[in-house]
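Just so it is clear, none of the values below were taken in a lab; they were calculated from the coordinates. Fair warning: this is a prediction, and the values are worked out from it, not measured in the lab. Reconstructed Cβ throughout: ideal geometry from the backbone, glycine too, with neighbour counts over all protein chains shown.
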C-alpha cells in the first residue's frame, strides 16, 4: 500500500509484535469499527451501515454499543480488509474546502487477550484495548461554503469537538486543583465513548493535523491550543488481569483428553510389567 496511514502502520506493528510472542502465548483478537454521524452511532462493519445503534451502560463491560458487531482478528491482512471496508462505508461528502471530507468521527477498537502457554486452566488472562480515533476536522461555514445538510453535519461536528474540548479543560482544571470535579462526558456521544481514553486505565496520544498556510492560521492556532491542553492530562496505567472459566473451556477439554491418554499409556506399561494386572478388576476413574 502506498503512503499507509496511522491505522495501517499501527496494525502492521501490532501483529508483528503478536507474531514474535506467539510461541509462548495464546492470543485472542477481536475488533470493531464505528462512526458517529450527526450524534448517531453506526456500525461500519455491519450488514447495514445506516442502522443507528444505542449507547448503553453494561454492568459487566461498562459503556457499550448495543448491537455493534465484533470480528475475530486472524491476521493483519484480514484486519486491514475490514478496515478498508469500514472506510468505504464511512460518510464522506464534498465541501468547498475538501472534495472527500469526512462527515463523521470514526472509532476503531481492537482488543488483544493472551494467556501464557502451559499455565493450565487457571492461567491469568491479560488483556489490552487499542482505540484509534479519527476525528473530523472543525469547520467554518464561510470557508467550506456549506449549505443545507452539509451545514447541519458541520454544526454537529463542531458541537462534539466543543464537548471534547470542555472535557479536556475540566480534566486539566481537576488536576490543577487536585480535587474531583464533574466532567461533562454526557454532552456528546463522542465524549462518552472517549471517557476511558481521557481518564481511564490507558495511555493516550493525540496527533494534531495543522497546516503552514496563512489562510488556515486561526484553525491551526486553535488546534495547537487544543493539543497543548490535552497533554496536561495525566493517567495511571495498570495491567488488566483476570481469570474466567469461560475463557478456558477449550483448555479444560484439552487437559481432560491429555489426562485420558496418559492414563491409558500408564495402564499399558503396568500391564506389560505385571501380567496379573489384567486379571484384576479394572480401575474405574471418573473424570
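Note on residue 30 and residue 126: the model spin-label points, each 7 Å out from Cα along the C-beta direction, lie 2.1 nm apart. Take the Cα of residue 8, step 7 Å along the line toward its Cβ, and report every residue of region 55-89 whose backbone nitrogen sits under 15 Å from that point. The answer is 76-88. Convex hull volume of the C-alpha atoms in region 6-243, normalised per residue: 150 Å³. Compared with the alpha-carbon gap, the fully stretched path from residue 187 to residue 63 is longer by 43.1 nm at 0.36 nm per residue. Here 196, 43 are placed in order of increasing Cβ neighbour count within 10 Å, fewest first, which gives 196, 43. Under the criterion of Cα pairs below 8 Å and six or more residues apart, the relative contact order for region 180-230 equals 22 percent. For the pair residue 158 and residue 267 in one chain, pulling the backbone fully straight at 0.36 nm per residue adds 31.9 nm over the alpha carbon distance. Panel order for 159, 186, by other beta carbons found within 10 Å of each beta carbon, from fewest to most: 186, 159.
Computed from the C-beta positions of residue 195 and residue 222, the FRET efficiency with R₀ = 22 Å rounds to 0.40.
In the distance distribution for region 1-120, Cα-Cα pairs more than 18 Å apart total 60 percent.
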